[in-house]
Amino acid sequence: MEDVMKGVPRLHPDAGVQRVGDRVLAVGPDDTLHTFEDEGGEVSAVAERILELVDGRRTLGEIVAALCEEFEVEPEVCREDTVAFVRLLVDKKVLVLGP
């Protein structure tokens, strides 16, 4: 887990992320549109904040630290959920994770 926390997530070169109204939308290289909702179908403020924090400079660990400061969440839960979310977006080719 420590190695992945040192990784720097970046937008995939063939993807785009943009805020449209009150939503963050992402499009991968296959033109699939991704929206970010919680279990209740409401906009996920945490998922959208993760995408806002992905700037190609911050490590995953720094993003987790920022989320822990901004939201009431246990650090281990935040770490696990953030890593899972970033990996999902890497699989969907919205993000890449590198050194």
Some residue of the range 88-96 being within 20 Å of D14 (Cα to Cα), loosely packed, with under 12 Cβ neighbours inside 10 Å, within 14 Å of the chain's Cα centre (by Cα) and acidic (D, E): yes
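Every residue, every condition in (1) in contact with a Lys or Arg (Cβ under 8 Å, 6 or more places away or on another chain); (2) modelled with pLDDT of 95 or more; (3) open to solvent by 40 Å² or more (accessible area, probe 1.4 Å), yes or no:
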{"site": "D30", "(1), (2), (3)": "yes, no, yes"}
{"site": "T35", "(1), (2), (3)": "yes, no, yes"}
{"site": "E39", "(1), (2), (3)": "no, no, yes"}
{"site": "V43", "(1), (2), (3)": "yes, no, yes"}
{"site": "V46", "(1), (2), (3)": "no, no, yes"}
{"site": "I50", "(1), (2), (3)": "no, yes, no"}
{"site": "L53", "(1), (2), (3)": "no, yes, no"}
{"site": "G61", "(1), (2), (3)": "yes, yes, no"}
{"site": "V64", "(1), (2), (3)": "yes, yes, no"}
Residue match in the range 75-83 (condition: of a type in the set (S, T, N, Q) and crowded, with 16+ Cβ neighbours inside 10 Å): yes
Complete set of residues in the range 1-25 that are open to solvent by 70 Å² or more (accessible area, probe 1.4 Å) and either in a strand (DSSP E or B) or touching a Cys at 6+ places or on another chain (Cβ under 8 Å) (or both): R10, L11, Q18, R19, V20
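The values are calculated or read from the model by the stated rules, or taken from the named source; none is laboratory data. If you're wondering where the values come from, they're calculated on a predicted model, not measured in any experiment. Methodologically, a virtual Cβ is constructed for each residue, glycine included, from the backbone with ideal geometry; neighbour enumeration extends over all protein chains shown. Ligands, DNA and RNA are stripped out before the accessible areas are found, and what is left, the full protein with its side chains, is counted by its heavy atoms. Shrake-Rupley method; radii C 1.70, N 1.55, O 1.52, S 1.80 Å.
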